[in-house]
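The values are calculated or read from the model by the stated rules, or taken from the named source; none is laboratory data. The model shown is predicted, which means the values in this text are computed figures rather than measured ones. Cβ atoms come from the backbone with ideal geometry, glycine included; neighbour counts cover every protein chain shown. We work out accessible area using only protein heavy atoms, side chains counted, and drop any ligands, DNA or RNA first. Shrake-Rupley method; radii C 1.70, N 1.55, O 1.52, S 1.80 Å.
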Amino acid sequence: SLEFKNACGYLRLKLYGEGVSVTSITLEGKNGEKIAGAATIAQAIGGLPTVTMGNGATSKIKINCPTPVTLGSSAEDATEFNFVIPPVTFTNGFKITIDGTSGGKRGRKVKSTSANIQIERNVRRNMAALSVALEPLELVEFEDETFKAYCVANFDTDGDGVADETSG
């Protein structure tokens, strides 16, 4: 017989904001916890699965929305986003970066937690509904179209035709 046991846990975010559409959400452990990339899952007969993140694993997971997702306007009708995460304890909390548009302008909201947060195998961790008011992004105007095309080709991580900030 084949018995299925989930190897990962879940983090549910509920976001709301009047007139806000989300294009991406990035989750990042603040202490470098590895949550995405190559992993090995092992399970002994009758035991529980364990996840070991590989050497190339990263501390970020990003949800890209090919079509922007319009958020509910209140906590009661907040829009849900779910991350699937290997079991981990975020020892200094995590950071959420929300990119999107509001009033036709691109913006960003960054929200951080500082408490230890544990993600357990086969358990959904629900976060309180978060109000999203995007901070406008300052965009650089390019006079040189060739340089702009180079920047978009090499730094447009969300496919929106704009070179994004790099972290590092």
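For the chain, modelled as a GNM whose springs connect Cα atoms under 10 angstrom apart, the maximal fluctuation among GLY37, GLY19, GLY56 occurs at GLY56.
Of the trypsin sites (Lys or Arg not before Pro) found in segment 118-147, no site is in coil according to DSSP while having at most 13 other Cβ atoms within 10 Å of its Cβ.
Taking other residues whose beta carbon is less than 15 angstrom from the beta carbon of VAL123, and scoring Lys, Arg as +1 and Asp, Glu as -1, yields +4.
Please report the net charge: other residues with Cβ closer than 14 Å to the Cβ of CYS8, K and R +1, D and E -1. So the environment of CYS8 carries a net charge of +4.
Taking 22 Å as the limit for the C-alpha separation, the pairs LYS30/LYS148; LYS105/LYS148; LYS5/LYS30 exceed it in the case of LYS30/LYS148; LYS5/LYS30. Summed over qualifying helices (DSSP H, 4 residues or more, each -39500 (n - 2.57)) and divided by its residue number, the chain shows a 222 nm mean residue ellipticity of -2000 deg cm²/dmol. Looking at the chain alone, DSSP beta bridges between its own residues are antiparallel in about 85 percent of cases. Taking GluC sites (Glu not before Pro) in DSSP loop states with no more than 16 other Cβ atoms inside 10 Å as exposed sites, the chain has its longest site-free stretch at 19-119.
How large is the accessible surface per residue of segment 1-78, computed with a 1.4 Å probe and reported in Å² as a whole number? The partial results should precede the final answer.
Working: 4460 Å² over 78 residues.
Value for segment 1-78: 57 Å² per residue.
One compactness figure for segment 1-141 is 1.17, namely its Cα radius of gyration divided by 2.2 N^0.38 Å. Relative contact order of segment 15-125, taken over Cα pairs closer than 8 Å and 6 or more residues apart, is 35 percent. For the chain, the longest principal axis of the alpha carbon atoms and the long axis of helix 145-155 meet at an angle near 10°. Here the accessible area is traced with a 1.4 Å probe on the protein chains. For the chain, carbon and sulfur cover 50 percent of it.
As a calculated quantity, the FRET efficiency between GLN118 and ASP77 at R0 = 41 Å, using C-beta atoms, amounts to about 0.90.
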